[in-house]
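What follows is calculated from the coordinates using simple rules that are stated; it is not laboratory data. Treat the numbers as computed from the prediction; the structure is a model and nothing was measured. FYI the Cβ positions are ideal-geometry reconstructions off the backbone, even for glycines, and counts take in every protein chain you see.
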Amino acid sequence: MIKILEDLCIGCGLCIESCPRQAISLIGGVAKIDQRLCKHCCLCLGVCPRDAIIEEKAITKSELALEIGSLKKKADNLVDRIEKIRQRRST
Ligand code: SF4
Ligand code: SF4
């Protein structure tokens, strides 16, 4: 599902122009998506200057666990690299 993060939206209207389905409109100065019209083409995702448009995807528990594992590895790797740099500077 494509969603607008309303707190970030400044009502510039760029997403409205990008949508071939006329699924987006400004209501009270904030963009809203009519989910009945949206066909998930994702054309609106790249145009928002505030990154207020996101695609929400359902993921399974095992996919989430994999993603967390991968992020943990990256974080551990970064910590190792920072520690090596710190050691090099102190010698
Ligand atoms: S995903 Fe496509 S159809 Fe849906 S709101 Fe964005 S531009 Fe319109
Ligand atoms: S492009 Fe972004 S900031 Fe502009 S109206 Fe759409 S959601 Fe709001």
When the helix-only estimate is applied to the chain (DSSP H runs of n ≥ 4, each -39,500 (n - 2.57), divided by the residue count), what is the mean residue ellipticity at 222 nm, nearest 500 deg cm²/dmol?
-> -13000 deg cm²/dmol
Placed amide H near Ala31: partners under 5 Å, 5+ positions off or other chain | Gly11
Estimated vicinal HN-Hα couplings, Hz - segment 18-27 in sequence order (Karplus 6.51, -1.76, 1.60; Gly, Pro = x) | 7, 8, x, 9, 6, 8, 10, 9, 8, 10
Top of Arg81, Arg21, Arg50 by mean-square fluctuation, Gaussian network on the chain, Cα under 10 Å = Arg81
Backbone HN-Hα couplings from phi across segment 79-90 [Karplus 6.51/-1.76/1.60, Hz, Gly and Pro as x] = 4, 4, 5, 4, 5, 4, 4, 4, 5, 4, 6, 7
Karplus-derived HN-Hα couplings along segment 49-55 (A = 6.51, B = -1.76, C = 1.60, θ = phi - 60°), whole Hz, x at Gly and Pro | x, 10, 6, 8, 10, 10, 9
Under 5 Å, built H, 5+ apart or other chain: amide partners of Ile53 = Leu5
Just checking the chain: which Cys have no other cysteine's beta-carbon under 4.7 Å?
-> Cys9, Cys12, Cys19, Cys38, Cys41, Cys42, Cys48
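Counting Lys and Arg as +1 and Asp and Glu as -1, what is the net charge of the other residues whose Cβ lies under 12 Å from the Cβ of Ile2? Please list the in-between numbers first.
On the way: positive: Lys3, Arg21, Lys32, Lys39, Lys57; negative: Asp34, Glu55, Glu56.
Cβ neighbours under 12 Å give a net charge of +2.
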Once you've got the GNM for the chain with C-alpha springs shorter than 10 Å, pick whichever of Leu78, Leu66, Leu45 has the biggest mean-square fluctuation.
-> Leu78
Taking a ≥ b ≥ c as the square roots of the eigenvalues of the Cα gyration tensor, with a/c under 1.5 meaning rounded and otherwise prolate when a/b exceeds b/c and oblate if not, segment 1-58 is rounded
Out of Leu26, Leu71, Leu43, a Gaussian network model of the chain with alpha-carbon springs under 10 Å gives the largest mean-square fluctuation to Leu71
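How far, in nm, would the chain grow between Glu83 and Ile16 when pulled straight, counting 0.36 nm per residue and subtracting the alpha carbon separation? Don't jump to the answer; show the numbers that get you there.
Details: separation 67, 0.36 × 67 = 24.12 nm, distance 4.76 nm.
Value of the extension gain: 19.4 nm.
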State which entries of Lys3/Lys32; Lys3/Lys61; Lys3/Lys57; Lys39/Lys61 exceed 20 angstrom in Cα-Cα distance in the structure shown.
-> Lys3/Lys61; Lys39/Lys61
The local net charge around Ile24, scoring Lys/Arg +1 and Asp/Glu -1 for residues other than Ile24 whose Cβ lies under 13 Å from its Cβ, equals +2
